[in-house]
Structures are given as structure tokens and as C-alpha cells.
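Let me begin by presenting the structure, written as C-alpha cells, before commenting on it.
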Amino acid sequence: MPTRVTSFGPGRVNLIGEHTDYNKGLALPFAIEAGVTVRATGLRDRRISAVAADLEQRDEFPLDGVERAEGWRGFVRGATAELADSGVALVGADLEISGTVPRGAGLSSSAALEVALVLALLALAGAGEPDRIELARLCSRIENDWVGAQTGLLDQIASLFGERDRALRIDFRSLNVRPVKLSLAGFVLVTVDSGEEHTHAGSGYNDRRAECAEACTLLGVDSLRDATLADVELLPAPLDARVRHVVTENGRVEEAVAALDSGEMVQLGRLLDASHASLRDDYDISTPAVEETVARCKQAGALGARIMGGGFGGSVLALMPPGSVPPDGAVVVRPGPGAAVSGS
Ligand code: GLA
């Protein structure tokens, strides 16, 4: 059993397919190079001692009978409790957590943290790694039950399955993950922080989930994957618009995969713009700060730019043509490898 391990969970960018994961739809994310690192050392006694290096804060709690806590501590406690509940014989640990992915910027610092924590605790316990889809589910329970955000599986699957130079076409009905080569022919993808921090637990994210569930009940379908544009006409506002977004966004994911396959960057840009319009007008998750950021990207020559992630703030994703100068504060993003753990 190793006594020291280091794990890394990457953040993610979602190229397209937003608010589709919890509707059993399609998305096309990729893991990025920035993420969260956990350096873990085994302890003889049954307790977890954790330090969030970037925040200069610590937490300590017993392995047995884990109690709840707010903020980053909720993730550490949730990871410990969920692993124990799933039958892993955990050992005490000293955890040092540090990250390169900004918090609250829509780049999934949460999933990066969950994934890195879970991989480190599993490795220290000498437990084999379970199926990565099962691991994604466990990580999402941390977020749902310990942090209070009813998020889907997008971020966790992207972090766990990421591959260099590949985006991942995820079908959230079958949970099939298909790597898709991301060749941008000299174009670059950048993220630009809107400066407005978002938290899923506190924003309208959970409201949108509830609206989708209500639409399913009214339509008599199990998930919005089964809804059609004809169904939109049957629903009252604003549920009609929410469903229209989900149905059209699933279509845009398939079109984006085709655009990547055939190297049609102009078409990819159009799809990003259409996704943004749908998220702003039909899903109603944009904000003035996000709109201003999208406008800055377009002024800098972006072929397409859209709000990314849960919404109500966070980052904008833009496709910049060769030779263009991205707006101030833009960060170039490219697909990096998925989460991993190493010996020390
Ligand atoms: C957040 C959630 C994901 C997904 C996106 C929206 O990132 O964590 O599960 O719902 O928002 O696509």
C-alpha cells in the first residue's frame, strides 16, 4: 500500500452542449491542462487532515462519522464519506490541495477537486480504481449531496476521460464517451473570464433543472432527450423556451462533431454563436457581464463566442482565427490528458 501519492484532476472546457447532461443529451467537452493537484500522505490514525494551499486554510475530521462543512471542506468531507459508503476501506491521510484552475470561472474547478481527491484517497487505501463512469457518478454525488449543486455528469466525465488533442462526444443517455480529434487548423480556443463569479449551489442552476423536470412531467417523457420541437408548442412559458434550447443544443453537438471532422471552422464558429443565443434567449442564463465579454470577443474577431458552463457568470469560450489578437485576459485552452495518479 503506497504511503505517498499525488493525483491530478483537470478542469474542463465545454466546446458545445450546455445544460444537456442532466437532460440525457449530448455534449462535447475536453479536459484542460489546468487542474487540481492533491499530495496525499498516509496517516496511522483514522483522520483526515487537509490543507487548501491556495486559500491558506485547513480542515481536520475523523474518518468515521464525517460531518458536513461549507466551501472546499464540503468537497473533502464528501469525497471521504462517499468513498467509505461505497465500501472502500479508507486510511487516514494528510492532504495538500493546490490548483491552477480558477474557482468560479466556469472551468469546473469543483470537478477537478472531486476527481483529484477521490483518486488520491483510493490510491492511498490501496484500492483498485473502479470503472471511471462509476467514479464520475460518485464525484457527482459529492457535489449533489455535500455541496448542494444538482449538477450533472459533464464535468466529472470530462476530467476523468480527457485525452490530449481530443474532445469527448458524450451521450448522457448511454454514457458512451467517444474521443473526437480536435484539429483547429491554426484557429485557437480561448476562455475569457467575465469577472462575475458563479456558484452552482447559489445560482439559478437548480431552478433550471427543476424546470426541465417539470417539462418532462407535462410531456410525459422520461427525459428531454425524448422531446421534439413539436413538443415545445405544447408547453407554457418559460418551459417551452427551456425545452427548445435543449432540443436544438443536442442538434448543435452533432453538427459540431461533423464540422470538426471536416475542418469547417466557420461552421464551428456559427454553432458557438447559435449556442450562445439559445442559452441567452431560451435558457436565460446570461448576464450583462457575460454579454459584454462575448461582445469583446466578437470585436476581437472571434468566429464564435458563447457563455460556457452552468451560467449566471463564469467564462466565455471563443474561437479565434489565425493571426487575431484575443481580448485582454484571454487564456488559450487546449485538450490535455485526463485525471491520473502517481506514486509520490
Ligand atoms: C455545470 C454543471 C454540469 C453541466 C453544465 C451546463 O458545469 O456542473 O453538470 O450541467 O453546468 O452544461
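The phi-based Karplus calculation (6.51 cos²θ - 1.76 cosθ + 1.60; θ = phi - 60°) puts the 3J(HN,Hα) values of region 219-236 at 8, x, 10, 6, 8, 6, 4, 8, 7, 10, 5, 5, 5, 3, 5, 8, 9, x Hz, whole numbers, x for Gly and Pro. Identify the residues of region 279-297 with backbone N under 19 Å of a label point that sits 7 angstrom from the Cα of residue 255 along the Cα-to-Cβ direction, or state none. Flagged as within label range: 279-284. About the centre of its Cα atoms, the chain shows a dipole size close to 820 debye [charges on the beta carbon of Lys, Arg (+1) and Asp, Glu (-1) only; nearest 20 debye].
How much length is gained if the chain between residue 234 and residue 221 is pulled fully straight, taking 0.36 nm per residue apart and subtracting their Cα-Cα distance, in nm to one decimal?
Values: separation 13, 0.36 × 13 = 4.68 nm, distance 1.31 nm.
Stretched fully, the residue 234-residue 221 segment lengthens by 3.4 nm.
The listed residues 281, 240, once ranked by accessible area (1.4 Å probe) with the largest placed first, stand as 281, 240.
At R0 = 30 Å, how high is the FRET efficiency between residue 241 and residue 178 if r is their beta carbon distance? Nearest 0.05 is fine. The partial results should precede the final answer.
On the way: r = 30 Å, r/R0 = 0.99.
With R0 = 30 Å, the Cβ-Cβ based efficiency is 0.50.
For a paramagnetic label modelled on residue 45 (point 7 Å from Cα along Cα→Cβ), amide N atoms under 20 Å away belong, within region 57-92, to 58-68, 77, 80-81, 90-92. Each other residue within a Cβ distance under 9 Å of residue 105 adds +1 if Lys or Arg and -1 if Asp or Glu, for a net charge of -1.
With contacts taken as Cα pairs under 8 Å at a separation of at least 6 residues, the chain carries a relative contact order of 26 percent. Once the mean of 1/r is taken over each pair of separate Cα atoms and inverted, region 208-344 shows a Kirkwood hydrodynamic radius of 16.7 Å.
Hydrodynamic radius of region 1-51 by the Kirkwood approach over all distinct alpha-carbon pairs: 14.0 Å.
Computed with every protein chain present, the accessible area of residue 324 is close to 40 Å² [probe 1.4 Å]. Taking every protein chain into account, the 1.4 Å probe leaves residue 284 with about 80 Å² of accessible area, to the nearest ten.
Could you report the chain's accessible area per residue, 1.4 Å probe, as an integer in Å²?
On the way: 13480 Å² over 344 residues.
Heavy-atom accessible area per residue stands at 39 Å².
Please report the spacing between the Cα centers of region 208-250 and region 273-308 in Å, no decimals. Going from one Cα centre to the other spans 22 Å.
Filter the GluC sites (Glu not before Pro) in region 1-109 to those in DSSP coil with at most 15 other Cβ atoms within 10 Å of their Cβ, and list the result. Numbers along the way, then the final one.
Details: sites: 18, 33, 56, 60, 67, 70, 82, 96; in loops: 18, 56, 67, 70.
Hits after loop and neighbour filter: 56, 67, 70.
Rolling a 1.4 angstrom probe over region 179-249 with all protein chains present gives an accessible area of which 52% lies on carbon and sulfur atoms. Spin-label model, residue 262 to residue 281: label points 7 Å out along the Cα-to-beta-carbon direction sit 2.5 nm apart.
Note on the chain: Cα-Cα pairs beyond 34 Å make up 24% of the total pair count.
The values are calculated or read from the model by the stated rules, or taken from the named source; none is laboratory data. It should be emphasised that the depicted structure is a prediction, and the values quoted were computed from it without experimental measurement. Cβ: placed from backbone, ideal geometry, glycine included. Neighbour counts: every protein chain shown. Side chains are part of the model used for accessible areas, which takes the heavy atoms of the whole protein and leaves out ligands, DNA and RNA. Shrake-Rupley method; radii C 1.70, N 1.55, O 1.52, S 1.80 Å.
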